[in-house]
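Structure, as structure tokens:
The values are calculated or read from the model by the stated rules, or taken from the named source; none is laboratory data. Worth saying up front: this structure is predicted, and the values here are computed from it rather than measured. Because the Cβ atoms are built from the backbone with ideal geometry, glycine has one as well, and the counts that use them run over all protein chains shown. Each accessible area value is taken on the protein alone, full model and side chains, heavy atoms only, with ligands, DNA and RNA left out. Shrake-Rupley method; radii C 1.70, N 1.55, O 1.52, S 1.80 Å.
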Amino acid sequence: MNKKLLVNQVADNACLNSTKTKNLALSALTCSLLFAIGTATAADSSVTSIADAVTQGSANVDLNLRYESVDQDNALKNADALTLRTRLTLATAAYNGFSALVEFEDSRSVAGVDDYNNAIGNNADYSVIADPETTELDQAFLQYKYDGFTAKAGRQVIAIDNQRFIGHVGWRQDRQTFDALTMQYAKDDLTLDYGYLYKRNRIFAEVRDIDAKDHIINASYNLGLGKLSAYGYLLEEDTQVDNGIDTYGVRFAGAKDIDKIKLLYTLEYATQDADTATTSYSADYMLGEVGVGFSGLTVKLGYEVLGSDDGAYGFATPLATLHAFNGWSDQFLATPAQGLVDTYVSIGGSAVGGSWALMYHDFSADDSSATVDDLGDEIDAVFTLPIDKNYTVGVKYAVYSAGDAGAGKVDADKVWLWANAKF
């Protein structure tokens, strides 16, 4: 079945259902876009004109239905959310090195399950689930490629290294993108990246997007034992108030097969200066991780430090995919002023056609005080199961146990169930 017919069938079914069940409705914009994308085909023939580039482009639909619950040991009500994210992508074929991509994203509450604080003002007496309803332009860029050089201008996803500093926060229904001009040169084992970011399109719909004047620089080289990266991320919000977070670092990550065992290793160090009109702070970042893969299992041990400047400022990574680090309960999206030390161990493997992982975190302060030292611990578990090539289902659980009362944290349990379909 060709993509045009497939997408039109998806549109027919989705929009027909939307007329029957109000709470399951896709937005009118989503339905219209599904039909529009159905006009694109994936014919395999040479591109000799702009018209060919359009008609020989690709169309993709990504649907993510997710239930999330949050139970915290405080005065906030327990939160429940059932949301559907629809992502529609239309990309042209390349013509003389040029191509374009347009992508729309829609996130809706489903079946009336919307008892949650969406982080932008709805239901403030509930715990936060950061998936507000929104319909927006997710990506729209023009790209040029030639002999290892790639340039993109417009709204785009940017993910560098392991996304500890620059990422797309893809776990949330409204992922993070950037309005930017990016350039990359990749030849043999060398890759050079530069980007100027003038807007941060964050995960909270459009109301909390941030105008910026960010410069991101990353150079990497593949060695025999792994990839060596050096980077500089110079971040500045475009406001009337002086501000800036400048981070410079180096990272080495790799793997080595030794008989039937795979040895994994990562080392990283960075230094950061954060300035405003009245303050100036400095802090360091360190990561050491080792692991082994054997008999279908992977075991890792890690030690990560987001340092503190004398208990007044914690090392910050505001553009990171934060959910992927320091526990899935999202207790440390902002680093405490005392800093954060995360000692963790994980084990993962495969079972019944899917993949699973367990992880334990022990958190403590980098610069402890009389009231803040123990920052708690967390256990995380996940299982994902692909069904055919187009579908995936999964379940994930996080339980956080608070440490010292002075840290301001409380016990928290979070559960996720989801089903994803891609066409």
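Out of GLU289, GLU304, report the one residue that is more than 24 Å from GLY224 (Cα to Cα) and of a type in the set (Asp, Glu).
Answer to the selection: GLU304.
Give the residues of region 240-265 that are closer than 18 Å to SER280 by Cα and part of a loop (DSSP other than H, G, I, E, B), sorted by residue number.
GLN240, VAL241, ASP242
Name the single residue, out of those in region 370-393 being in contact with a Gly (Cβ under 8 Å, 6 or more places away or on another chain), of a type outside the set (D, E, K, R) and within 26 Å of VAL70 (Cβ to Cβ), that is surrounded by the most Cβ atoms within 10 Å (Cβ to Cβ).
So, considering only residues that are in contact with a Gly (Cβ under 8 Å, 6 or more places away or on another chain), of a type outside the set (D, E, K, R) and within 26 Å of VAL70 (Cβ to Cβ), the one surrounded by the most Cβ atoms within 10 Å (Cβ to Cβ) is LEU375.
Looking only at region 214-237, which residues are over 25 Å from TYR265 (Cα atoms) and either polar (S, T, N, Q) or in contact (Cβ under 8 Å) with a residue 60 or more places away in the chain (or both)?
ASP214, LEU235
Could you please give the count of residues in region 67-81 that are surrounded by fewer than 21 Cβ atoms within 10 Å (Cβ to Cβ), of a type in the set (A, V, I, L, M, F, W, C) and touching a strand residue (DSSP E or B) at 6+ places or on another chain (Cβ under 8 Å)?
Total satisfying the criteria: 1.
Which residues, counting only those in region 236-245, are surrounded by fewer than 13 Cβ atoms within 10 Å (Cβ to Cβ) and not charged (D, E, K, R)?
Residues satisfying the conditions are THR239, GLN240, VAL241.
Which of (1) under 22 Å from the mean Cα position of the chain (by Cα); (2) within 26 Å of ARG172 (Cβ to Cβ) does SER220 not meet, given it meets every other one?
Status for SER220: all satisfied but (2).
Quick one: LYS227 ticks every box in (1) more than 23 Å from the chain's Cα centre (by Cα); (2) open to solvent by 70 Å² or more (accessible area, probe 1.4 Å); (3) more than 21 Å from ALA316 (Cα to Cα) bar one, so which box is it?
(1)
How do the pairs read when you match residues in region 106-132 that are among the small types (Gly, Ala, Ser) with residues anywhere that are open to solvent by less than 20 Å² (accessible area, probe 1.4 Å) and not in a loop (DSSP other than H, G, I, E, B), using Cβ under 6 Å and keeping only pairs 6 or more apart or on different chains?
The qualifying pairs are SER107/THR83; SER107/ARG85; SER107/THR134; SER109/THR83; SER127/VAL70; SER127/ALA79.
So GLU206 fits all but one of (1) of a type in the set (Asp, Glu); (2) modelled with pLDDT of 95 or more; (3) in a loop (DSSP other than H, G, I, E, B); what number is the exception?
It is condition (2) that GLU206 fails.
Need the failing condition index for MET183 against (1) open to solvent by 60 Å² or more (accessible area, probe 1.4 Å); (2) closer than 27 Å to ASP131 by Cβ, just the number.
(2)
Going through THR321, THR392, THR335, THR317 one at a time, which residue ends up being at pLDDT 95 or above, farther than 23 Å from LEU301 by Cβ and not acidic (Asp, Glu)?
THR392
Only one residue in TYR233, TYR248, TYR303, TYR269 is over 21 Å from VAL382 (Cβ atoms), aromatic (Phe, Trp, Tyr) and open to solvent by less than 40 Å² (accessible area, probe 1.4 Å), so which one is that?
TYR233
Among the numbered conditions (1) surrounded by 15 or more Cβ atoms within 10 Å (Cβ to Cβ); (2) among the acidic types (Asp, Glu); (3) touching a residue at least 12 places away in the same chain (Cβ under 8 Å), tell me where ASP209 comes up short.
Among (1) surrounded by 15 or more Cβ atoms within 10 Å (Cβ to Cβ); (2) among the acidic types (Asp, Glu); (3) touching a residue at least 12 places away in the same chain (Cβ under 8 Å), ASP209 violates only (3).
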